[in-house]
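As structure tokens, the structure follows; a few thoughts come after it.
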Amino acid sequence: MAENDKDKPDTQDHDSPANPDNRISLERAAADDEHKADILAHPTGEAEGKALHKPKRTGPRTGKRRAGKMVEEVGSTGHSWDGITEYDNPMPRWWLWAFYATMVWGLAYTFFYPAWPLISGATQGLLHTNYRKELAADVQRYDDANSAVQQRLASADLNAIASDAELSNYALNAGRAVFATWCAQCHGSGAGGAKGYPNLLDNDWLWGGTMEEIHTTVTHGIRNTADPDARYSEMPRFGTDQLLEDAQIDQVVQHVLAISGQAHDAALAAEGATVFADNCTACHAEDGTGDRMQGAPDLTDAVWLYGGDPASVTQSVHDARFGVMPNWSTRLSEDDLRAVSFYVHSLGGGE
């Protein structure tokens with residue numbers, strides 16, 4: 001008896017709430033206890049001529065009637081981890097067949113279309129499809145269909161485009177596409193600009209808003225080093241280079257706020273008028289209306305490229321600004337340059 005009692009498993013520890021094994025589900029625990037008892041009673045399974053007992057697992061699915069309806073219950077596999085029970089719930093047949101079909105389709109795709117990369121290319125498939133050639137052919141078809149109007153646009157007088165229905169229609173649509181591809185990243189998809197990037201919808205132009213002036217700006221760019229004909233202007237760094245004292249910068253900032261109709265300190269603005277006359281009028285003119293020949297902005301209106309609040313104006317005077325625009329002549333054809341210039345001119349601010 002002592003020996004048999006010693007051999008019996010201690011289920012008291014197993015049933016203890018503190019034991020990690022207690023995470024096993026009650027169904028699995030009951031099956032384990034029954035299995036252990038059967039093994040102890042029939043070690044070999046030969047005495048009564050029956051095979052060793054296997055752990056029971058819950059039936060696959062059973063049905064119970066609840067509230068007058070038959071509810072199908074899914075059985076458990078007998079496995080449980082941290083209280084999460086694994087149920088014997090196979091995937092629906094239609095889902096499995098759909099999954100198998102995608103595998104077959106994917107394999108077939110690799111035989112018919114370009115798929116497997118090689119050292120110098122890729123397999124072309126049985127259909128010999130080449131998307132690069134298809135794209136090149138589409139581009140060539142477009143160029144062939146529009147070559148005549150493109151040549152006319154490239155040689156037409158800039159001011160005569162608007163009066164030619166065919167040219168203006170093509171330039172407007174082509175210019176919109178060029179703008180969306182090359183210009184919207186800075187000026188916005190709607191051309192409304194952002195801080196540091198000019199708004200192209202209004203009539204406030206640093207370098208002029210006629211067709212010729214816009215075309216020149218687009219062609220050669222602004223302050224870039226790649227084109228010797230790029231528009232160029234540079235404002236001194238009055239604070240960084242110690243051209244003005246901090247007190248003088250505060251005074252001239254208040255003067256700029258005053259001439260632009262904003263709230264300001266009248267006493268400082270009066271002192272700043274002298275500082276402005278001595279250091280700023282050569283570019284911005286005596287009345288602060290600016291000079292398009294130099295790309296100097298009008299300081300009397302409500303349009304501010306870098307912000308018109310006191311902090312932004314102070315930074316502009318202290319550190320200066322230096323916006324750059326690429327010269328698009330090296331990336332766009334002449335007809336594209338004219339098309340996008342016409343499109344920008346037509347947005348509402350063209351002169």
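Any read-out appearing in this document is the output of simple, stated calculations on the displayed coordinates, not a laboratory observation. Owing to the predicted nature of the structure, the values given are computational and were not obtained by experimental measurement. Because the Cβ atoms are built from the backbone with ideal geometry, glycine has one as well, and the counts that use them run over all protein chains shown.
For this structure, a couple of remarks:
- All positions within the range 266-305 that are in contact with a Gly (Cβ under 6 Å, 6 or more places away or on another chain) and of a type outside the set (Asp, Glu): His284, Arg292, Ala296, Pro297, Leu299, Thr300
- Sub-7 Å Cβ pairs linking a first residue in the range 321-348 that is in contact (Cβ under 8 Å) with a residue 12 or more places away in the chain to a second residue that is of a type in the set (Ser, Thr, Tyr) and surrounded by 19 or more Cβ atoms within 10 Å (Cβ to Cβ), at least 6 apart or interchain, are Asn327/Thr219; Trp328/Thr219; Ser329/Thr219; Leu337/Thr219, ordered by first then second residue.
- Of the helices (runs of 4 or more DSSP H) contained entirely in the range 209-296, those carrying at least 1 residues that are within 36 Å of the chain's Cα centre (by Cα) and of a type in the set (Val, Ile, Thr) fall at 211-220.
- Filtering Gly308, Gly323 for residues that are under 30 Å from the mean Cα position of the chain (by Cα), more than 30 Å from Val178 (Cα to Cα) and not β-branched (Val, Ile, Thr) leaves a single hit, Gly308.
- Residue-level analysis places Asn203 outside the set of residues that are assigned to a helix (DSSP H, G or I), on the phi < 0 side of the Ramachandran plot and under 35 Å from the mean Cα position of the chain (by Cα).
- Hits in the range 173-200 (condition: within 14 Å of Leu305 (Cβ to Cβ) and of a type in the set (A, V, I, L, M)): Ala194, Leu200
- Index of the failed condition, Ala154 passing every other in (1) farther than 26 Å from Thr216 by Cβ; (2) touching an Asp or Glu at 6+ places or on another chain (Cβ under 9 Å): (1)
- Of all residues in the range 93-113, none that is farther than 13 Å from Gly125 by Cα has its Cβ atom under 9 Å from the Cβ atom of a residue that is of a type in the set (Lys, Arg) and not in a helix (DSSP H, G or I), 6 or more apart or on another chain.
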